[in-house]
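Trainee: Below you'll find the structure I mean.
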Amino acid sequence: MEFAASSRAHLRRTAYLMCGDWERASDFVQEGLIRVYVRWPRLERNGGELAYARKAVVSACLDHARRRSSTERPQEADHTTASGEDVATAVATRQALMSTLADLPPRQRACVVLRYFEDLSVAETAALLGCTEGTVKSQTSRALFSLRSVLSDSPTSEQAEGAVSW
Amino acid sequence: MVNELRELMREASASPPQDRTDLTAVLGRGRRRVRVRRVAIAGGTSLAAGAIALGSLAWTNPAPADLAAAGVPRPAGPTVRLTEATPAVEGQDYRELASHTNDDLDSDNGQYFDGVTDDGLVLFRDGPRSTQLYPRFALLDPATGEKDWLTEARDIGQSQLWAVELSEQRLVLVSPGEPVESGDDLAMALTAHVYDRASDTWDTLRWTGLPATDGPWGARVGPDGRLYVPVLATRGEVPEGGWPMGPDGEADDADAEGDTYDLWSVSLTEQRDVRDEGLRVGAFAFTQDALVWTDSQNGDAGRVHVRDLATGEETSFDPALGERCNLLGFSAAGDRIAMSQYCGTYEGGVRDDRVQVVTTDGDQVMTVQDSGVEGGQLVGGGDYLTMTAYDRATGGTYLYDFEEGRLLRLGDGTSAWNVAAGPAPGDQLLWSTPAGSKVELFGRSGATAHLGEIIR
């Protein structure tokens, strides 16, 4: 209970950055905390409860976004009515960031959030996402390229893949 | 650049609204999976997945996907594209029996059609939502619009529910139940909530002899009235180094190894009556007189097996799925079987999605192939197929008439919220359409639930 109370707020911020909605972020954190609860004795013994909780929350986000592996695929929005332009022109920088984050493929978004919000290393991010360090680098690079329009000091010229400083 | 990104992400997430989640409820009291809001058929987290999936796709081209140009292979047998559909005409192709609109599901949960009873009443669910923490159920008469509210189901709490039987005698809803430890996976003790219509009472069933499951969504009631439950046996392995990256920059898990399940069955009246059916399956379904299953699912399907429930005689055949196809959905009715598949992503992010229909004898009937089509369900005793499409140009709900060989489009929008799902008798079917105002993440703020009946 103490762990859940102390970690919930931060995990919720991570989940929010990954899904763009506070209430849904709460759903993901609930999912993550339930998973932690189930495995608590083993985790506490190994001191890995926060890492596991983070992984569980990120997995909860990605599991449901992994569109090809779920027979429970949700329905999606009415794309005939959505207007990205309306959003991009009207919102402030933070909202623009969230909008651009939402446009990223889920694993690219996860890489950015884990690397620059959770401050995980490339190796830690790769371990959490179950992929190679090279994949983390390339996915992060692609994500940063997409995010460049929201970042005021970003270079105006196109950024080649792998041009990110690690 | 990355420092600014760090700062922006911290600022953007620095002022969260109050978290209404009750930690005690989450972790201690019930140990059950708590959903605070929006418990649609696919669930709150799945709804969020809709937003993520939406964000992950580049909706830059409103034209229908060009499968041939993208290099998508054609399936074996007759193929139908969504672009061949004609708009369904109300009063001519179908009649609408009931509908209900939720204008703003983005702010709070709403009301749902959770299925239709064999005698034609809609199982209407209200909540759970912020001002009503637990769901209320009613049987809605489509003819009059009147709702007969059921006695409160105290044991249901805020669990996600799936209707598996809505008969004239009882309503059977399954929920994940309490989480239990099972290796590295989250497993749950399946729970059923059974409403007896004659006595207006609810009963909650948990079977101590039933192994934990990875969720309630595979459970089905057989023709013998027992609940058949798949228990995870083997999970397909992720290749070493992870899935390869597809042309859209996403991990592409086409041609995956499938998962298998051991089939168990339980009585819906006696909690000690639990039976290991001694059968390993992938996906499974019942027709009126047969049990149909595959070797595996959520990956390679293997062979399709058909057991005659009267004689016990078994046959099997190769359904001839494409080489890279993952079986994601399975439906059987009459003498037909519908298999929804994902078969890879090609140039320009064009997906090879298929709903393939074969007979229980193994003959190919037809395959609907397009980018973003799925959820094939046989309705009308197997005479019709419904499916949902998500592509910008072709999004909507479709109905295929096997006898006429024609494809109808019931609506040209796909709702972010699935507010109508569950069993429906005869020629009736449920679907959702978008409603309400525009919102950033989900396209529209609400959704309309529809109950219709096919006009033959």
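Bear in mind these aren't lab numbers, they're just calculated from the coordinates by the rules spelled out. Bear in mind that the values here come from a model prediction, so they are computed numbers and not experimental data. Cβ sites come from the backbone with ideal geometry, for glycine too, and all protein chains shown count toward neighbours.
Trainee: What residues qualify as long-range amide H neighbours of B:VAL365, i.e. H under 5 Å apart, gap of 5 or more or another chain, H built at 1.01 Å from N?
Mentor: B:VAL357, B:VAL358, B:THR359
Trainee: Residue by residue through the stretch B:395-410, what is 3J(HN,Hα) from phi via Karplus (6.51 cos²θ - 1.76 cosθ + 1.60, θ = phi - 60°)? Round to whole Hz and write x for glycine and proline.
Mentor: x, x, 9, 10, 9, 10, 9, 5, 5, 7, x, 10, 10, 10, 9, 7
Trainee: Whole-Hz ³J(HN,Hα) for each residue in the stretch A:95-104, computed from phi via Karplus 6.51 cos²θ - 1.76 cosθ + 1.60 with θ = phi - 60°, x for glycine and proline: what do you get?
Mentor: 5, 5, 4, 5, 5, 5, 4, 5, 7, 6
Trainee: Right, another one. Rounded to the nearest 500, what is the 222 nm mean residue ellipticity of chain B from helices alone, with -39500 (n - 2.57) per DSSP H run of 4+ residues and division by all residues?
Mentor: Only helices count here, giving -2000 deg cm²/dmol.
Trainee: Right, another one. What lysines does A:LYS55 reach when the alpha-carbon gap must be under 21 Å and sequence neighbours fewer than 8 apart in one chain are set aside?
Mentor: Output for A:LYS55: A:LYS137.
Trainee: In whole Hz, with x marking every Gly and Pro, tabulate ³J(HN,Hα) for the stretch A:17-27 from phi via Karplus 6.51 cos²θ - 1.76 cosθ + 1.60, θ = phi - 60°.
Mentor: 5, 7, 10, x, 8, 5, 5, 5, 4, 4, 4
Trainee: Relative to the compact globular guide of 2.2 N^0.38 Å, what is the alpha carbon radius of gyration of the stretch B:249-348, as a ratio?
Mentor: 1.24
Trainee: Quick one: Cα centre-to-centre distance for the stretch B:253-304 and the stretch B:383-434, in angstrom?
Mentor: The distance from the Cα centre of the stretch B:253-304 to that of the stretch B:383-434 comes to 26 Å.
Trainee: Another question, if that's okay. How would you classify chain B from its alpha-carbon gyration tensor, with a ≥ b ≥ c the square roots of the eigenvalues: rounded for a/c under 1.5, else prolate if a/b is greater than b/c, otherwise oblate?
Mentor: In terms of gyration-tensor shape, rounded.
Trainee: Just want the answer: with Cβ charges of +1 for Lys and Arg and -1 for Asp and Glu, which residue in B:THR201, B:ALA219, B:THR86 is farthest toward the dipole's positive end in chain B?
Mentor: My answer, from the dipole projection, is B:THR201.
Trainee: Starting from the Cα-Cα distance between B:THR83 and B:GLU313, subtract it from 0.36 nm times their residue separation and give me the gain in nm to one decimal.
Mentor: Between B:THR83 and B:GLU313, full extension yields an extra 78.7 nm.
Trainee: With a 10 Å Cβ neighbour count serving as the proxy for reagent exposure, in which order, fewest first, do B:THR260, B:THR234 appear?
Mentor: In increasing order of surrounding Cβ atoms, one gets B:THR234, B:THR260.
Trainee: Something else about it: What is the Cα centroid distance between the stretch B:77-148 and the stretch B:191-227, reported in whole angstrom?
Mentor: Going from one Cα centre to the other spans 23 Å.
Trainee: Treat the count of other C-beta atoms within 10 Å as a stand-in for reagent exposure and order B:ARG303, B:ARG125, B:ARG351, A:ARG142 from fewest to most.
Mentor: Exposure proxy ranking, most exposed first: B:ARG303, A:ARG142, B:ARG125, B:ARG351.
Trainee: What residues have an amide H closer than 5 Å to that of B:VAL221, excluding those fewer than 5 places away on the same chain, when H is modeled at 1.01 Å from N in the peptide plane?
Mentor: Here the answer is B:TYR228, since their amide H atoms fall under 5 Å of that of B:VAL221.
Trainee: Sticking with this structure for a sec: Placing +1 at every Lys and Arg Cβ and -1 at every Asp and Glu Cβ, with all other atoms neutral, what dipole size does the stretch A:92-152 have around its Cα centre, in debye to the nearest 20?
Mentor: 220 debye
Trainee: About the Cα centre of the stretch B:35-454, how large is the charge dipole given +1 on each Lys and Arg Cβ and -1 on each Asp and Glu Cβ? Please answer in debye to the nearest 20.
Mentor: Result for the stretch B:35-454 is approximately 880 debye, rounded to the nearest 20.
Trainee: Related question: Could you grab the relative contact order for chain B? Cα pairs under 8 Å, six or more apart, rounded to a whole percent.
Mentor: The normalised contact order for chain B reaches 17 percent.
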